[in-house]
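> The structure is given below, and queries will be raised subsequently.
The values are calculated or read from the model by the stated rules, or taken from the named source; none is laboratory data. Everything numeric in this text was worked out from a predicted model, so none of it was measured. As a convention, Cβ positions derive from the backbone with ideal geometry for all residues, glycine included, and neighbour counts pool all protein chains shown. Surface areas here come from the heavy atoms of the whole protein model, side chains and all, with no ligands, DNA or RNA. Shrake-Rupley method; radii C 1.70, N 1.55, O 1.52, S 1.80 Å.
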Amino acid sequence: MYMLQGKKVVLGITGSIAAYKAAYLSRALIKKGAEVQIVITPAGKEFITPVTLSALTQKPVISEFFTANDGTWHSHVDIGLWADLMLIAPATAATIGKMAHGIADNMLITTYLSMKAPVFVAPAMDLDMFAHPSTQENIDKLRSYGNIIIEPATGYLASALEGKGRMEEPDNIVKVLEDYFKKKNDLNQKKILITAGPTYEKIDPVRYISNYSSGKMGYALAEECASRGAEVILISGPVQLKAKNPKITTVQVESAEEMHRKAKEYFPETDAGILCAAVADFKPAHYAEHKMKRQPGEPMELVLIPNPDIAASLGEIKKPHQILAGFALETENGIQNAERKLKKKNLDFIVLNSLSDEGAGFQNNTNKVTIIDSGSNVIDYPLKPKKEVAEDIIDYLMNYL
């Protein structure tokens, strides 16, 4: 069965010499069973004609907001609701910049801004344009919005130079789309527990102990699992994020004790647990009912006691069919400490976060991780957007499920 069978695809074409590949790409999508609606920029029509594209797709090509002869309005909102995915190939530096900053001055951009479905972007430009910091920043911004970037290939370019910037070949683009829809069914009928964010350990009514966790990694994992069909229980500490996928049920907690209690409540009914939260190891031994006052010249002593160990607790009650993954953040002897935690807490694999690499760790939109499993396999991943890190982690989880 073709993974694109019956899928409605909006193919956006922009003003690049690579637009000639859109004819083959359209035909390849249709051969896989997709229905293709083309939206082309005015500049795109300079490189390939709407007549050619319409003949291939059996649909009128959309370029302007209104039809010139009768004033018929082309609703970008309706197109956004109709589609199962949007693919912009080729995507020029100019279009990528407009997408990143919401400059809705043509039909393609307004369609993109109205799109409810996943958006794939296949850049095509000269090597220096692609490597320019402004282009890379715009691409990173699109990734942060949830768009999927199909990296350009390295090869011979229209400028007669050779380098990275050549639009990926149509057959490879189609494979990316097929793999995406194949993954969307990976976790059907599975239930996954994920913890995310920090915990707050109250000192008095106005102060607490916590850490720098933003929750971005945990929420990215929840969205990735839900996008693959899983029902997700997301137990979240206090963060400024909201889950988007309706298959995610968010359980809000504040303290480590609350997270521990909810994790033990929900874990028995799940197929897997991913413990991504940065849980405080300690809490104040005593909570002050009133704000603690500073006494001039006198030190304030704060006695701390251990919090419940969520990973160890779930490791103790884990059933044979369940998978349990944890996270570790170390400042020294990372591999050794992560392996020790893996065995001590009965985890199937553990994700070691980096704090030593620029762009990794707390608050960032990117992360660099190492996965270590119970078979002593150690896999290092490069620095990536947290959405892509989440994909890597869930791909690894699929080895067990």
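> Can you show me the helix-derived [θ] at 222 nm for the chain, built from DSSP H runs with n ≥ 4 at -39,500 (n - 2.57) apiece and divided by the number of residues, rounded to the nearest 500. Before the final figure, lay out the partial values.
Numbers: 13 runs with 129 residues, N = 401.
The helix contribution divided over the chain gives -9500 deg cm²/dmol.
> How are the Cα pair distances of the range 218-271 distributed, in percent, across 5 Å bins from 0?
4, 20, 29, 25, 17, 4, 0
> Once amide H atoms are built 1.01 Å from N in the peptide plane, which residues 5 or more positions from residue 327, or in another chain, come under 5 Å H to H?
Hits under the 5 Å cutoff: 275, 351.
> I've got another one for you. Just to be sure I understand the curve: with the Debye formula and one point per C-alpha of the range 134-193, what is log10 I(q)/I(0) at q = 0.14, 0.16, 0.19, 0.28 Å⁻¹?
-0.60, -0.73, -0.90, -1.12
> Also, I was wondering about something else. Under a cut-off of 17 Å between alpha-carbon atoms, report the lysines in cross-link reach of residue 293, not counting same-chain residues fewer than 8 places apart.
202
> Sticking with this structure for a sec: Helix 256-266 versus the longest principal axis of the chain: what angle, 0 to 90°, nearest 10, using Cα atoms?
For 256-266 against the chain, the angle is about 60 degrees.
> Moving on to the next point. Report the one residue of 102, 132, 167 whose Cα lies farthest in the direction of the positive end of the charge dipole of the range 70-205 (charges on C-beta: Lys and Arg +1, Asp and Glu -1; origin at the Cα centre).
102
> I've got another one for you. Largest first, how would 289, 35 line up by accessible area (1.4 Å probe)? Numbers along the way, then the final one.
Details: 289 130, 35 70 Å².
I get 289, 35, largest accessible area first.
> So what is the diffusion coefficient of the range 246-401 in µm² per second by Stokes-Einstein at 37 °C and 0.692 mPa s, using a Kirkwood Rh over Cα pairs? Walk me through the intermediate numbers first.
Values: Rh = 17.5 Å.
D = 187 µm²/s.
> Taking loop as defined by DSSP and a crowding limit of 11 other beta carbons within 10 Å, which trypsin sites (Lys or Arg not before Pro) in the range 228-275 fit?
Those satisfying the criteria are 242.
> Where only protein heavy atoms count, and the probe is 1.4 Å, what is the accessible area per residue for the range 270-401 in Å²?
Working: 7370 Å² over 132 residues.
Accessible surface, normalised per residue, equals 56 Å².
> For the chain, find the longest principal axis of its Cα atoms and tell me its angle to the long axis of helix 133-144, 0 to 90°, nearest 10.
Between helix and principal axis, roughly 70 degrees.
> Over what distance in Å are the Cα centres of the range 190-216 and the range 317-367 separated?
17
> Here's another thing I want to ask about it. Please work out the FRET efficiency for the pair residue 54 and residue 210, using the Cβ-Cβ distance as r and a Förster radius of 51 Å; give the result to the nearest 0.05. Could the numbers behind the result be given before it?
Values: r = 58 Å, r/R0 = 1.14.
Calculated value: 0.30.
> Rg and Dmax in Å for the range 243-322, alpha carbons only: what are they?
17.6, 58
> Right, here's the next one. Could you give the accessible area per residue of the range 152-248, probe 1.4 Å, as a whole number in Å²?
Values: 4470 Å² over 97 residues.
On a per-residue basis, 46 Å².
> Next question, about the same structure. If you look at just the Cα atoms of the range 87-225, how large are its Rg and its Dmax in Å?
19.7, 68
> Need one number for the range 180-263: average projected area of the convex hull over its C-alpha atoms, nm².
Details: hull surface 23.1 nm².
Computing the convex hull of the Cα atoms and averaging its projections yields 5.8 nm².
> Here's something else I'd like to know. Which value, in Å² and to the nearest 10, is the accessible area of residue 179 when all protein chains are kept and the probe is 1.4 Å?
The value for residue 179 is about 60 Å².
> Related question: Percent antiparallel among DSSP beta bridges with both residues in the range 187-329, to the nearest 5?
Numbers: 6 of 26 bridges.
So the antiparallel bridges in the range 187-329 amount to around 25 percent.
> Right, next: Taking loop as defined by DSSP and a crowding limit of 10 other beta carbons within 10 Å, which chymotrypsin sites (Phe, Trp or Tyr not before Pro) in the range 181-272 fit?
212
> If you count only protein heavy atoms and use a 1.4 Å probe, how large is the accessible surface of residue 258, to the nearest 10 Å²?
60
> In whole Hz, what ³J(HN,Hα) sequence does the range 305-318 give by Karplus (6.51, -1.76, 1.60; θ = phi - 60°), x for Gly and Pro?
Per residue, the Karplus-derived 3J(HN,Hα) values read 10, x, 7, x, 8, 5, 4, 5, 5, 6, x, 6, 9, 4 Hz.
> A further question follows. Less than 13 Å Cβ to Cβ from residue 326, Lys/Arg counted +1 and Asp/Glu -1: what total charge do the surrounding residues give? Don't jump to the answer; show the numbers that get you there.
Details: positive: 318, 340, 341, 343, 344, 345; negative: 309, 330, 339, 348, 373.
Charge balance in the 13 Å sphere: +1.
> Treat every Asp and Glu Cβ in the range 115-231 as -1 and every Lys and Arg Cβ as +1, leave all other atoms uncharged, and give the resulting dipole magnitude about the Cα centre to the nearest 20 debye. Provide the component values of the computation, followed by the final result.
Details: 15 positive and 17 negative charges, 123 e Å.
The calculated dipole for the range 115-231 is roughly 580 debye.
> How big is the equivalent ellipsoid of the chain along its three axes, where each semi-axis is √(5λ) from the Cα gyration tensor, reported in whole Å from largest to smallest?
Semi-axes from the Cα gyration tensor: 46, 23, 21 Å.
> Using a cut-off of 12 Å between beta-carbons, work out the net charge of the residues near residue 174 (Lys and Arg +1, Asp and Glu -1, residue 174 not included).
On the way: positive: 7, 21, 27, 31, 32, 175; negative: 168, 169, 171, 178, 179.
Net local charge, residue 174 excluded: +1.
> Using heavy-atom solvent-accessible surface (probe 1.4 Å) with all chains present, what is the largest-first order of 119, 378? Can you show the working numbers first?
On the way: 119 10, 378 70 Å².
Ranked list, largest accessible area first: 378, 119.
> By DSSP, what percent of the beta bridges with both residues in the range 271-378 are antiparallel, rounded to the nearest 5?
50
> Please give the helix 386-398 orientation as an angle from the longest Cα principal axis of the chain, in degrees from 0 to 90, rounded to the nearest 10.
The answer is roughly 80 degrees.
> Report, in debye and to the nearest 20, how large the dipole of the chain comes out about its Cα centre when Lys and Arg carry +1 and Asp and Glu carry -1 on their Cβ.
Details: 45 positive and 48 negative charges, 160 e Å.
Charge dipole of the chain: 760 debye, to the nearest 20.
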